[in-house]
1. Looking at the stretch 1-58, which of its residues are hydroxyl-bearing (Ser, Thr, Tyr) and either over 31 Å from the mean Cα position of the chain (by Cα) or closer than 21 Å to His142 by Cα (or both)?
2. Hey, Glu218 hits all of (1) at pLDDT 95 or above; (2) part of a loop (DSSP other than H, G, I, E, B); (3) under 21 Å from Met112 (Cβ atoms); (4) touching a helix residue (DSSP H, G or I) at 6+ places or on another chain (Cβ under 9 Å) but one; which does it fall short on?
3. Residue by residue through the stretch 119-163, note down the ones that are aliphatic (A, V, I, L, M) and either surrounded by 19 or more Cβ atoms within 10 Å (Cβ to Cβ) or not in a loop (DSSP other than H, G, I, E, B) (or both).
4. Which one is modelled with the lowest pLDDT, of the residues in the stretch 164-191 that are surrounded by 16 or more Cβ atoms within 10 Å (Cβ to Cβ) and not in a loop (DSSP other than H, G, I, E, B)?
5. Restricting to the stretch 26-61, give me the number of residues that are under 23 Å from Gly127 (Cβ atoms) and basic (Lys, Arg).
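The values are calculated or read from the model by the stated rules, or taken from the named source; none is laboratory data. This is a predicted model, so every value here is computed, not measured. Note: ideal-geometry Cβ built from the backbone for every residue, glycine included; neighbour counts use all protein chains shown.
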Amino acid sequence: MEKKNVWETYDEKQLQELEDHAKEYMEFLDKGKTERECVDVIVNKIEEEGYQELQALIKENRALKKGDKVYAVCMNKSIVMFRIGEKPMAEGMNILGAHIDSPRLDVKQNPMYEEGGFAYLDTHYYGGVKKYQWVTIPLAIHGVVIKKDGTTVEVNIGDNEDDPVFFVSDLLIHLAAEQLEKKAAKVIEGEALDIIIGNKPISIGKKEEEDKDARKPEKEAVKKGVLAILKESYDIEEEDFISAELEVVPAGKAREAGFD
């Protein structure tokens, strides 16, 4: 069977529709890097199309009728939409299903530690990821933190131009002879996917004492430095990680590949 290049089958109208769809999809990828973000984007989109929140209609004691479009969100991470038909549900319904696929590194609930002069977040990969693709690339942290007082802090660090980014370290080529002998599945182990988030001790910038030799190195000074920044910038403390859902995703926006 002869296979045709689909580009050769499109007319000008279809080519423009393709470009518009690709642009819209790229914007969706930029705004929806996690399940929560995807649900937010979807809700905004479908409300523009006339969908109403089911729970709000229930509170108003409104009965659904043919042609109504409603939706419900579960745990801010999944969504179901209904278009009400004419026949009773007992006679069946048409279902179109899809899942939100968000490959990422999940930050564990007691994640922060210091080792070798660097502060890290302990992670666990989620989804069908090729682990070796996640090293030495710019990473962002998205998610929510539920603080001890019950308030919610939304986190999105790494996607704005002025934001820092994070990364998983790797061996220099000169030190990687043994590593390069491994199979792709073992080149980078899951336990090695902890992200580096800082390396500046909290003591840097403090007023020096008269006798420098009398100063003792502060324990976990790098970790404390990062925690101080989190407290100042987000009012987040280390204990708040226990009730946080933070996800590490590739930083930056989706872009077109190739000249054309």
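1. Thr9, Tyr10, Tyr25, Thr34
2. Condition not satisfied by Glu218: (1).
3. Ala119, Leu121, Leu139, Ala140, Ile141, Val144, Val145, Ile146, Val153, Val155, Ile157
4. Taking the candidates together, the pick is Val187.
5. Summing the residues that are under 23 Å from Gly127 (Cβ atoms) and basic (Lys, Arg) in the stretch 26-61 gives 3.
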